[in-house]
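The values are calculated or read from the model by the stated rules, or taken from the named source; none is laboratory data. Just so you know, these numbers come straight off a predicted model, no measurement behind them. Because the Cβ atoms are built from the backbone with ideal geometry, glycine has one as well, and the counts that use them run over all protein chains shown. Keep in mind that these areas ignore ligands, DNA and RNA; they rest on the heavy atoms of the full protein, side chains included. Shrake-Rupley method; radii C 1.70, N 1.55, O 1.52, S 1.80 Å.
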Amino acid sequence: QVQLVESGGGLVQPGGSLRLSCAASRISFNLYTMAWYRQAPGKQRELVAVITTGGSTNYADSVKGRFTISRDNAKNTVYLQMNSLKPEDTAVYYCQANYYSIYWGQGTQVTVSS
């Protein structure tokens, strides 16, 4: 059974940084486009960042210049480096793997508050 396990969430002050990790198992990781989504309370899940198998990246306008997505195919892991965090970044962050099937992780909470 495919597993995506996120980690690295937590409570951080505005202006701070966090790095999220998503470790994948039981998939051919290098074939999958990987993405980070987030869902704030009362809002729809939204795409934050995506990285293709070739390493091309794309970001939501709200996080451009602050967040960086990367992947390590040797470790079957995708990362989201989040800098200059704002209260509006508070959400549950989910990892997604997309090839012929789509898989989701269980999510990790990020709270930005003073």
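Within region 50-74, can you find the residues that are loosely packed, with under 13 Cβ neighbours inside 10 Å, of a type in the set (D, E, K, R) and part of a loop (DSSP other than H, G, I, E, B)?
ASP61, LYS64 - these are the residues of region 50-74 that are loosely packed, with under 13 Cβ neighbours inside 10 Å, of a type in the set (D, E, K, R) and part of a loop (DSSP other than H, G, I, E, B).
Which one of these does LEU47 not meet: (1) of a type in the set (A, V, I, L, M); (2) open to solvent by 60 Å² or more (accessible area, probe 1.4 Å); (3) over 11 Å from the mean Cα position of the chain (by Cα)?
Only one criterion in (1) of a type in the set (A, V, I, L, M); (2) open to solvent by 60 Å² or more (accessible area, probe 1.4 Å); (3) over 11 Å from the mean Cα position of the chain (by Cα) is unmet by LEU47, namely (3).
Among the residues of region 5-17, which ones are over 11 Å from the mean Cα position of the chain (by Cα) and open to solvent by less than 40 Å² (accessible area, probe 1.4 Å)?
GLY10, VAL12, GLY16
Here's the yes/no breakdown for (1) within 21 Å of VAL12 (Cα to Cα); (2) in contact with a Gly (Cβ under 9 Å, 6 or more places away or on another chain):
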{"site": "ILE51", "(1), (2)": "no, no"}
{"site": "GLY65", "(1), (2)": "yes, no"}
{"site": "ARG71", "(1), (2)": "no, yes"}
{"site": "LYS75", "(1), (2)": "no, no"}
{"site": "ASN83", "(1), (2)": "yes, yes"}
{"site": "CYS95", "(1), (2)": "yes, yes"}
{"site": "TYR100", "(1), (2)": "no, no"}
{"site": "THR108", "(1), (2)": "yes, yes"}
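Please list, ordered by residue number, the strands (runs of 3 or more DSSP E) wholly in region 75-114 having 1 or more residues that are in contact (Cβ under 8 Å) with a residue 24 or more places away in the chain and open to solvent by less than 60 Å² (accessible area, probe 1.4 Å).
By residue number, 77-82, 91-98, 108-112.
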